[in-house]
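Below: the structure, in structure tokens.
The values are calculated or read from the model by the stated rules, or taken from the named source; none is laboratory data. Just so it is clear, the structure is predicted and the values come from calculations on it, not from any experiment. Every residue, glycine among them, receives a Cβ derived from its backbone with ideal geometry; neighbour counts consider all protein chains shown. Note: accessible area is taken over every heavy atom of the protein model, side chains too, but ligands, DNA and RNA are not part of it. Shrake-Rupley method; radii C 1.70, N 1.55, O 1.52, S 1.80 Å.
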Amino acid sequence: MGIVMMMVACSKTEEKPKTIAQQLADRLLTLQQRGYMMGHQDDPFYGVTWEYQPDSSDVKNVCGDYPAVMGFDLGGIEVGDAKNLDSVPFTRIHDEIIAHHERGGIITISWHPRNPLTGGTAWDVADTTVVASVLPGGSEFEKFQTWMKRVGDFLVTLKTKEGNPVPVIFRPWHENNGSWFWWGQKLCTDNEFHGLWCLLQDELNGRGLTNLLWSYSPNLDGGWTEERFLARYPGNERVTLIGEDAYQWGTEEEFKTALTADLAFLSDFAQKNGKLLAMTECGLKNMPDSTWWTRVLKPIMDKYPICYFHLWRNYKEEFFGPAPSLPCAADFKKLYEAENTLFLKDISE
Ligand code: BMA
């Protein structure tokens, strides 16, 4: 009797309710059995020919439905700016995050913080001591504590009317195998990168933010080996989703070869380690090819268990998604109509 009671007591203590981030991970896994979601950065703010119109979206204007995933960036919040690095007011970002969550969509947040040592942008890579400078003992340690606190201050406001925290796929320190951000491959050592990841994650966990699902998202690589990948991987305890940011900058053949190699490696790694997989950024800038979506991108995505693909923003001079005025709109509709592509209605009804 005593033993039975003890077992009951033990199993009770083990059954902790799932955090909001764990519930989001379950949802992503369930949805992934049906296909992959479409995501778009800054979708409700501006498009190729418009800006700041209520309820507008280039994706919706092309196919009649919102993206399932919407992405937002916090760059600039660290220095107390009222608008992010792409001039979107943080109040508006806040409101659209809540709105997309309320309509059943999924949110992802990235952060392109300024360079804490030089005051330059995230792309200021002249100095290789920036990461070291924000770690304990570094000259910018205190300043960076404030920067991280401001990120946390924003994230804690992401709550529904009922006061429930909004689930968020959080994707800091992305594309870190390239060397174009101050946290990139040649800008810090493996140890410094780990220190930076943990500094932010521990700070935000310390704020009680259990609604953040952490995504580790290096860039298209083409040459992953387990050894190279593990060198900067923050660890299974710290990551729930493995992403890859994969743009076609060079030729179509180069893109297809590199992406296929990477997704083969990453899907295998994700499966062995119980992680989710996504293309956390992708696209072909200013879409010079009206059949790219279904001819180049879709056949590769079809082969791997990704939860979503996330197209970067549609801005006048620089767009990655569809728009009604673009020649690629018809092909995007085909992508929309495919059985295995999921848009907002597919995940919210
Ligand atoms: C980059 C470009 C920039 C933008 C930044 C953050 O890829 O789109 O113009 O400022 O992302 O959104």
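Observations
- Residues Thr225, Thr91, ordered by accessible area of protein heavy atoms at a 1.4 angstrom probe radius and largest first, appear as Thr91, Thr225.
- Where only DSSP H runs of four or more residues are counted, the chain gives -11000 deg cm²/dmol as its mean residue ellipticity at 222 nm, each run worth -39500 (n - 2.57).
- For Glu226, Glu337, the ranking by accessible surface with the largest value first comes to Glu337, Glu226, using a 1.4 Å probe.
- Rounded if a/c under 1.5, otherwise prolate or oblate - the range 217-297, Cα gyration tensor axes: prolate
- Sites Phe154 and Lys256 - FRET efficiency at Förster radius 35 Å, r taken between beta-carbons, to 0.05: 0.35
- Within a Gaussian network of the chain (alpha carbon springs, distance under 10 Å), most fluctuating of His112, His94, His40: His94
- Largest GNM mean-square fluctuation among Ala278, Ala264, Ala68, using the chain with Cα springs under 10 Å: Ala264.
- Beta bridge orientation in the chain: antiparallel %, DSSP, nearest 5: 10 percent
- Whole-percent carbon and sulfur share, accessible surface of the range 25-164, 1.4 Å: 51 percent
- Pair Asp26, Lys333: separation of 7 Å Cα→Cβ label points (nm): 3.9 nm
- In the chain the longest region clear of trypsin sites (Lys or Arg not before Pro) that are loop-assigned by DSSP and have at most 16 other C-beta atoms within 10 Å covers 35-102.
- Accessible area in square angstrom per residue, the chain, 1.4 angstrom probe: 42 Å²
- Evaluated with a Cβ-only charge set (Lys, Arg +1; Asp, Glu -1), the chain carries a dipole of roughly 720 debye about its Cα centre, given to the nearest 20.
- Cα-projected label distance for Arg228 with Ser56, points at 7 Å along beta-carbon direction, nm: 4.3 nm
- Normalised contact order of the chain, rounded percent, pairs of Cα under 8 Å and 6 or more residues apart: 24 percent
- Surface composition of the range 202-326: carbon plus sulfur atoms contribute 48% of the solvent-accessible area (1.4 Å probe, protein chains only, all chains present).
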